[in-house]
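Colleague: This is the structure, below, for whatever I ask next.
The values are calculated or read from the model by the stated rules, or taken from the named source; none is laboratory data. Predicted, not measured: the structure shown is a model, and the values here were computed from it. A quick note on method: Cβ atoms are made from the backbone with ideal geometry, for glycine too, and the neighbour counts reach across all protein chains shown.
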Amino acid sequence: MIRPDIENQNPFNERYDGEIECPWCKSRNTHVISPFGGTVSEVSMQCGDCKSTFGWMKWQGKLPDSE
């Protein structure tokens, strides 16, 4: 798993870990791997199930509504 030291990434981990759905397998077993992706408005994530990495745009609004 590609996960650097996460101590300096709180509050990103607290807010986004397990809340963002993987676009490839739809799992919510996702983790922040970097608070910034290709741009400062993107969080880099990794899925714990399919191991894919993906970006999630912070400015898309709030976290997904819980069902």
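Colleague: For the range 48-65, indicate whether the set of residues that are acidic (Asp, Glu), at pLDDT below 85 and at negative phi is non-empty.
Modeller: Looking through the range 48-65, at least one residue is acidic (Asp, Glu), at pLDDT below 85 and at negative phi.
Colleague: Checking the structure you have, find out if any residue of the range 4-15 is at pLDDT 90 or above and crowded, with 18+ Cβ neighbours inside 10 Å. Before the answer, list the steps.
Modeller: Looking only at the range 4-15, we keep the residues that are at pLDDT 90 or above, and these are none.
No, the conditions are met nowhere in the range 4-15.
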